[in-house]
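A short worksheet on the structure shown next.
The values are calculated or read from the model by the stated rules, or taken from the named source; none is laboratory data. Because the structure is predicted, anything quoted here is derived from the model rather than measured. Please note: Cβ atoms are built from the backbone with ideal geometry, for glycine as well, and neighbour counts cover all protein chains shown. These accessible areas exclude ligands, DNA and RNA; they are computed on the full protein's heavy atoms, side chains included. Shrake-Rupley method; radii C 1.70, N 1.55, O 1.52, S 1.80 Å.
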Amino acid sequence: MKKFYFATLLIMFLATPALLAQDDKDSLTTSKTEVDRYPSFKGFVTNKFWDNWEISIGGGVGTAMNGGNDPGDIGKRLGYFGEISITKWLHPVVGFRGELQGGVYTNFTDNLTKMTWPNFLLHGDIMVNLSNWIGGYKENRVYYAVPYIGIGYFASNFTEATRSVNGYPTTMGCIAATYGLLNKFRVSPSVDINLELEGMVGMADANPALNANRGLYLNGLNASVGVTYRFGKRDFERGAAGYTPEAIKALKQEAENAAIAAKETEQTLGDQLADAKEAAAAAEQRVKEAESQLAEANAEVEALRNQQALDAATPEEMVFFDFAMAVLTPADKIRLDVLASKIKAGPADYVYTITGYADFNTGEKAKNTALAEKRARVVNDYLVSLGVPASQLTYKGAGADEQPFSSEGNQTVIIK
């Protein structure tokens, strides 16, 4: 029987790479500098406490062995058990499980008295989703191989029936190590079917079927079938799929360079305006017939001056956000502090429009639309907190057909 269990475990582990390969058919080839479309550890937003939980129930058969020195027919030493567990996945690869198992094992004493003895095992395990680790996280994967190790408390001999057979008056118990392979087959977004192969190692003294030739350790081998219900937020959220931090930083630097170039252009226009004034004065002195033209030029100059004064009193600003984020950085807040001072010093009747954008090249359209509005609202609320009258501000989120840039960098807010 021991050889059968070990052979079954070996077959499952050897089959895991082939089962994982079925999920790699639509993987994307990426360069070393890009973020994988299906990452294993990197690129995920930390999930909340109530996200990614699972509760499972199941049952199966098992046997307990005392170092190979077990009297009696091995076919008559099978027992049965039930189990219930709850698992929290902190990450697509790593999770923790707490499980309670209860059932009976069957062994023979030295005089070949058959003893069916109840037991329970309460243990906690560290779970590793090998499919997500090797094959990359994918929401539509069907098979998951999840090896685990853990530790818990194993107890037996807590009924009068077993105590009367072995003459030992108290409960037997020990610290036990657990290990195994959980095979999960996803049948719907919320339900998995489980096939689990589990081993347990404890002290031989926890076996109430007394046997003088038993070894030092008690080995339990179990096989079970069960069902899992997944609740809370079931999938994991990627933080910056398709973008590296360096690419985002480069986009921000590009925006800052564009702002500097705009200021230089504004200075050039000012110099051109001064030259236009001098030319108009010279034309007024040279030709009387040019008075009408000079009047028109003066009107244009005045309009340009008024526009410049309005532009100076009504500044514009642009704030870039990290992918899928709507949180202001310290640098963003400094720029908004300066903008708030300019707004409060400008015309009190001028209304600024705050428009939020999102990158619609990735993610769901509805979520991106909501993210665009949330970014605009975050900027609006921060300016109001700095004393800018709410009546001078209006905000909105732009849709997929209103993007400021043609390719990348649309995770931004523009105030004007």
Query - Residue satisfying all of: in segment 152-182; over 20 Å from GLU83 (Cα atoms) and crowded, with 20+ Cβ neighbours inside 10 Å; nearest to the chain's Cα centre (by Cα) among these - result: MET172
Query raised in the report: Which condition breaks for ASP110 when tested against (1) out of contact with any Asp or Glu (no Cβ under 7 Å at 6 or more places or on another chain); (2) surrounded by 15 or more Cβ atoms within 10 Å (Cβ to Cβ); (3) in contact (Cβ under 8 Å) with a residue 60 or more places away in the chain?
Result: (2)
Requested in this report: Would you please list the contacts, defined by Cβ atoms under 8 Å and residues six or more apart or on different chains, that run from a residue in segment 397-413 that is open to solvent by 20 Å² or more (accessible area, probe 1.4 Å) and of a type outside the set (Asp, Glu) to a residue that is part of a loop (DSSP other than H, G, I, E, B) and modelled with pLDDT under 85?
Outcome: ALA400/PHE360; GLN403/PHE360; GLN403/ASN410; PRO404/ASN410
**Report entry** Residues that are over 19 Å from MET127 (Cα atoms) and not in a strand (DSSP E or B), drawn from segment 215-236
**Finding:** GLY215, LEU216
Query raised in the report: If you take the residues of segment 183-214 that are open to solvent by less than 30 Å² (accessible area, probe 1.4 Å), out of contact with any Leu (no Cβ under 6 Å at 6 or more places or on another chain) and outside any strand (DSSP E or B), which of them is farthest from ASN52 (Cα to Cα)?
Result: ASN211
Report summary line: Being in contact (Cβ under 8 Å) with a residue 24 or more places away in the chain, among the basic types (Lys, Arg) and surrounded by fewer than 17 Cβ atoms within 10 Å (Cβ to Cβ) narrows LYS344, LYS367 down to just LYS344
Requested in this report: Considering only segment 398-416, state which residues are within 21 Å of LYS252 (Cβ to Cβ) and either hydrophobic (A, V, I, L, M, F, W, C) or at pLDDT 90 or above (or both).
Outcome: ALA398, PHE405, THR412, VAL413, ILE414, ILE415
Query raised in the report: For segment 347-356, what are the residues that are of a type outside the set (Phe, Trp, Tyr), surrounded by 12 or more Cβ atoms within 10 Å (Cβ to Cβ) and at pLDDT 90 or above?
Result: THR353, ILE354, THR355, GLY356
Report summary line: Residue count, segment 124-141, condition buried (at least 19 other Cβ atoms within 10 Å of the Cβ) and free of Cβ contacts under 8 Å to residues at least 60 places away in the same chain, comes to 3
